[in-house]
Amino acid sequence: MATAVPASVITVVGVGADGWEGLAPAAREALLWAATVLGGPRQLELLPPEVTAVRVPWPSPLRPAVPGLLAEHGDRRLCVLASGDPMFHGIGRALAETVGAGRLHVLPHPSSVAYACARLGWPQEDTEVVSTVGRPLANLNAALSDGRRLLVLSAGAGTPAEVAALLTGRGFGASRLRVLEQLGGGRERVLDGTAADWPHPAGDPLNIVAVECAGPRAQLVPGLPDDAYEHDGQLTKRHVRAATLAALAPAAGELLWDIGGGSGSIAVEWLRAHRSCRAVSVERDAVRADRIRRNADALGVPRLEVVTGRAPDALAGLPVPDAVFIGGGLTAPGLLQACWDALPAGGRLVANTVTLESEALLTEWYRRHGGELVKLAVAHAVPVGGFTGWRQAMPVTQWSAVKTSEAGPAGVEEEQ
């Protein structure tokens with residue numbers, strides 16, 4: 001082992017509930033060779049006496065401590081213990097981001113997800129995985145839909161009851177739950193029940209929750225029903241919202257600034273487009289800002305960052321956006337220019353308005369910079385006496401443009 005792996009390389013060993021007995025020969029050799037082993041207290045207790053390395057437990061919170069511990073021990077034949085597969089919702093990601101993948105030698109063990117799917121007969125590729133380890137339980141809301149199969153990585157013994165309560169509150173009380181404990185170990189067991197009448201007390205902290213969703217179906221594409229949101233009337237309505245998200249064109253990993261968040265619907269549906277999307281919603285009204293946070297939790301995207309303040313001043317210090325949506329405050333001095341200046345080449349800006357004053361402003365920006373200027377008009381059929389007629393909503397003027405260079409779209413220079 002000493003000749004195969006340089007001392008500067010950190011060996012990451014995945015371990016299961018079966019402990020030392022379940023490790024492959026290469027993993028055992030790595031631990032016997034190590035001078036220092038980092039891991040959780042439960043994982044360190046699985047090591048036999050013949051592993052003579054100094055055992056260093058992870059502190060809590062773990063993530064901020066990683067760089068310092070690696071700097072302290074990283075040149076001393078270091079092994080790191082991880083649960084199951086270190087690169088699947090495990091410590092491997094934090095290690096790679098800290099020291100680079102080139103300094104890691106990862107020896108994975110079957111993950112709890114692999115064991116659970118094997119026990120349940122569920123294809124892994126068709127099973128959604130949601131982690132509650134160091135993450136809000138509200139993330140689960142984005143995955144709920146009738147007939148869907150979910151595996152929830154538990155943060156501890158109390159997670160199954162928390163999952164049952166969340167499901168019941170969201171109309172999924174009839175969902176079947178199975179809690180699989182100590183998977184792969186000698187004390188493996190399965191608890192069965194439904195969310196609405198979950199009968200089991202807190203059990204082993206090493207568990208994973210399998211959910212067979214029974215409840216409302218969930219829409220995947222943008223344009224959620226308006227009643228999916230808590231709002232005070234400040235809401236980009238469903239059909240306009242769908243058109244706005246199409247113009248913003250979210251892609252994986254991108255960041256949105258949502259200016260004048262209102263109820264947060266644009267930012268929420270941007271985040272629902274992909275789990276790696278990021279968004280900041282800027283709202284000057286504190287009551288509405290709190291409402292945005294509640295909507296983000298209810299719709300499964302608690303990672304939405306909400307900034308309470310008035311743009312453009314509140315934009316100072318925010319990370320560079322890939323796209324900007326302006327849904328309110330267009331006539332605030334300097335706002336449109338500040339948003340445009342913040343965008344890199346290739347960034348998109350979309351602005352909606354219903355007032356003539358803001359429409360005049362967007363028309364001028366369209367004249368100067370190009371892009372696309374459209375008017376969105378939606379009418380709903382309503383009773384008119386014994387007949388049916390159209391009720392027209394206020395038309396929305398929308399300007400969208402892509403910043404093709406620092407000079408502006410299509411190379412148009414910024415007017416001074």
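The values are calculated or read from the model by the stated rules, or taken from the named source; none is laboratory data. Computed from a predicted model, the values in this text were never measured in an experiment. Neighbour counts run over all protein chains shown; Cβ positions are idealised from the backbone, glycine included. Only protein heavy atoms, including side chains, enter the accessible area calculation; ligands, DNA and RNA are left aside. Shrake-Rupley method; radii C 1.70, N 1.55, O 1.52, S 1.80 Å.
Working ranking of peptides 68-74, 394-400 by packing, defined as the average number of other Cβ atoms within 10 Å per residue, highest first, is 394-400, 68-74. When the Cα positions of V374, A82, G262 are compared along the charge dipole of the chain, A82 comes out farthest toward the positive end, with charges on each C-beta of Lys, Arg, Asp and Glu.
Looking at region 140-199, the accessible area is 40 square angstrom per residue; that uses a 1.4 Å probe and ignores ligands, DNA and RNA. Per-residue SASA remark: S154, around 20 Å² accessible (1.4 Å probe; ligands, DNA and RNA not included). Averaging the Cα positions of each part gives two centres, and for region 103-127 and region 305-355 these lie 42 Å apart.
Among the listed values [x] -0.22, -0.30; [y] -0.34, -0.46; [z] -0.26, -0.36, the one matching log10 I(q)/I(0) by the Debye sum over Cα atoms at q = 0.06, 0.07 Å⁻¹ as calculated from this structure is [y]. In region 303-391, the DSSP beta bridges split such that about 55 percent are antiparallel, to the nearest 5. Phi-derived couplings, Karplus 6.51 cos²θ - 1.76 cosθ + 1.60 at θ = phi - 60°, listed residue by residue for region 106-112: 9, 10, x, 10, x, 6, 4 Hz, with x used for Gly and Pro. Here the chain carries DSSP beta bridges of which approximately 50% are antiparallel, counting only pairs with both residues inside.
Note on region 267-380: with neighbouring protein chains present and a 1.4 Å probe, carbon and sulfur make up 52 percent of its accessible heavy-atom surface.
With only Cα atoms counted, region 1-138 has Rg and Dmax values of 15.1, 47 Å.
The Stokes-Einstein estimate for region 96-149, based on a Kirkwood radius over Cα pairs and taken at 37 °C with 0.692 mPa s viscosity, is a diffusion coefficient of 235 µm²/s. Taking label points 7 Å from Cα along the Cα-to-Cβ direction, A101 and K237 give a separation of 4.8 nm. The angle between the Cα long axis of helix 159-169 and the main principal axis of the chain comes to about 30°, on a 0 to 90 degree scale. Each Lys and Arg adds +1 at its Cβ and each Asp and Glu adds -1 at its Cβ; summed about the Cα centre, the chain shows a dipole of about 400 debye.
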